[in-house]
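These notes concern the structure reproduced below.
The values are calculated or read from the model by the stated rules, or taken from the named source; none is laboratory data. No experiment lies behind these values; they were computed from the predicted model shown. So basically every Cβ, Gly included, is an ideal-geometry build from the backbone, and we count neighbours across all protein chains shown. Heads up: the accessible areas ignore ligands, DNA and RNA and are worked out on the full protein's heavy atoms, side chains in. Shrake-Rupley method; radii C 1.70, N 1.55, O 1.52, S 1.80 Å.
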Amino acid sequence: SQSYAEILFRDDSRLHLDENAQALIRKMRMNLLENTGEAKVSLIKGDVLALLSGGKKEEKFQLDIPGVKTKINSQHFWVGRDKQGTRFANYDGELEISASGSKVILAKNQGTIIQKDQKPLLPQNLFPSPRLLNPENNDEKFNVNTPFTWEKVKGADHYLLEFARNTSFAKVIKSEEIRNTIGMFPKQLGNGTFYWRVRAVSSNRLPGQP
């Protein structure tokens with residue numbers, strides 16, 4: 001409950017797994033003479049956010065999903081898998097997705113859904129980033145009962161409020177679904193400098209840009 005895990009690869013690519021996610025590393029191969037590498041990860045269930053370095057063309061990353069084929073030309077994308085099917089949200093580059101003899105290509109800020117044993121739906125545009133209102137950048141707060149607010153995104157079903165201790169959000173230390181446009185600071189985080197971001201999520205559970 002409210003847990004996460006990260007897989008860090010040698011080229012600094014990361015996979016962030018949310019609670020109840022299950023992934024299997026099927027291949028981890030390195031060629032020290034040619035300085036190349038290859039990784040293949042299978043997503044069994046749950047939500048995974050990929051942050052790929054894209055530094056070397058020789059570093060190959062494959063995401064294996066039962067019944068779905070992917071061709072990755074993106075450094076930042078999200079995948080969610082459950083009993084009903086698989087959802088993709090792409091935030092950079094392109095994702096080529098094939099299932100049941102049909103193929104779609106997701107451009108930047110597009111998503112799709114593949115219901116079990118069916119073809120991918122046509123790409124849909126993801127919600128834009130909500131504009132953050134309060135607290136403002138570099139604010140110092142001494143009260144844990146601090147509200148965080150942002151502007152409403154038209155059509156959004158709910159929002160995902162996330163906290164981290166660094167700007168890259170490589171490690172999200174708290175994530176919470178919010179139905180309105182105000183959330184409270186998590187009291188259990190203690191003192192320090194924190195960064196926050198918000199995603200607007202559609203009714204079919206595709207998260208937009210943070």
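Values as computed for the structure displayed
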read-out	value
Output for the stretch 62-83, where each listed residue is in contact with a strand residue (DSSP E or B) (Cβ under 6 Å, 6 or more places away or on another chain) and of a type in the set (S, T, N, Q)	Gln62, Thr70, Asn73, Ser74
Verdict on Gly93 being within 16 Å of the chain's Cα centre (by Cα), free of Cβ contacts under 8 Å to residues at least 40 places away in the same chain, open to solvent by 10 Å² or more (accessible area, probe 1.4 Å) and on the phi > 0 side of the Ramachandran plot	yes
Any strands (runs of 3 or more DSSP E) falling wholly within the stretch 116-210 and containing at least 2 residues that are in contact (Cβ under 8 Å) with a residue 12 or more places away in the chain and farther than 26 Å from Arg81 by Cα	132-134, 147-150, 182-184
Selected residue (only one of Val104, Val79 is of a type in the set (A, V, I, L, M, F, W, C), within 25 Å of Gly46 (Cα to Cα) and under 17 Å from the mean Cα position of the chain (by Cα))	Val79
Residue match in the stretch 169-182 (condition: basic (Lys, Arg), surrounded by 11 or more Cβ atoms within 10 Å (Cβ to Cβ) and at pLDDT 95 or above)	no
Residue check, Ala23 in a strand (DSSP E or B), more than 15 Å from the chain's Cα centre (by Cα) and modelled with pLDDT of 75 or more	no
